[in-house]
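Asker: Input: one structure, supplied below.
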Amino acid sequence: MAKFKFSLAAVERVRIQKEQMALEEMSSYQRIYQEKIAAKKDLLDKKQKAFEEKNSLSAQASSIIKFQLVEEYIDGLKQHIIRADQAIIRARRFLDQAMRKYILARRERKMIDRLKEKALEAFKLEQARAEQKQLDDLVTMRSRLSHEEEIA
């Protein structure tokens, strides 16, 4: 009995590799995006602690220079938070592009999978027909032999 051989096996391997590479790229962009979010959260925590320090300085008698330093530190953190927001937006854009690329690669691979399934079904049908033909030929030959033996 013949073995099934998919005619587009090379294309299938390429599509699987392309999908795998797109998935790896997407996961790296996802990691970068998560890092950017964590960096912003860290900045927000620092800002909250600076506000608490500012409140404690205002509650007690402290020098204006300390108060101004904390105020400038908070202003700097606000600028860093704005930059962090922009970095998050950029990272999200890259992540979305990578996700679309992965979805496209996955769709292309699934298309090849469907073609492979159809080819396998056609192969099985052809094999079944060939087996049926062999059985029919065998029955015909037996019938002829038995018929010839009856005549002789």
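Asker: Would you be able to tell me the number of residues in the range 22-40 that are free of Cβ contacts under 8 Å to residues at least 40 places away in the same chain and aliphatic (A, V, I, L, M)?
Answerer: 1
Asker: Look through 69, 57, 44 and report the one residue that is surrounded by 16 or more Cβ atoms within 10 Å (Cβ to Cβ) and either without any contact (Cβ under 8 Å) to a residue 40 or more places away in the chain or not in a helix (DSSP H, G or I) (or both).
Answerer: 57
Asker: Is it fair to say residue 36 is farther than 30 Å from residue 110 by Cα and either buried (at least 16 other Cβ atoms within 10 Å of the Cβ) or aliphatic (A, V, I, L, M) (or both)?
Answerer: yes
Asker: Could you list, in sequence order, the residues of the range 118-149 that are surrounded by 11 or more Cβ atoms within 10 Å (Cβ to Cβ) and either within 18 Å of residue 5 (Cβ to Cβ) or of a type in the set (Val, Ile, Thr) (or both)?
Answerer: Of everything in the range 118-149, those that are surrounded by 11 or more Cβ atoms within 10 Å (Cβ to Cβ) and either within 18 Å of residue 5 (Cβ to Cβ) or of a type in the set (Val, Ile, Thr) (or both) turn out to be 119, 120, 122, 123, 124, 126, 127, 130.
Throughout, read-outs are computed from the coordinates displayed, never taken from laboratory work. Everything numeric here is computed off the predicted structure, so don't read it as measured data. In this analysis, Cβ positions are derived from the backbone assuming ideal geometry, glycine residues included, and neighbour counts consider all displayed protein chains.
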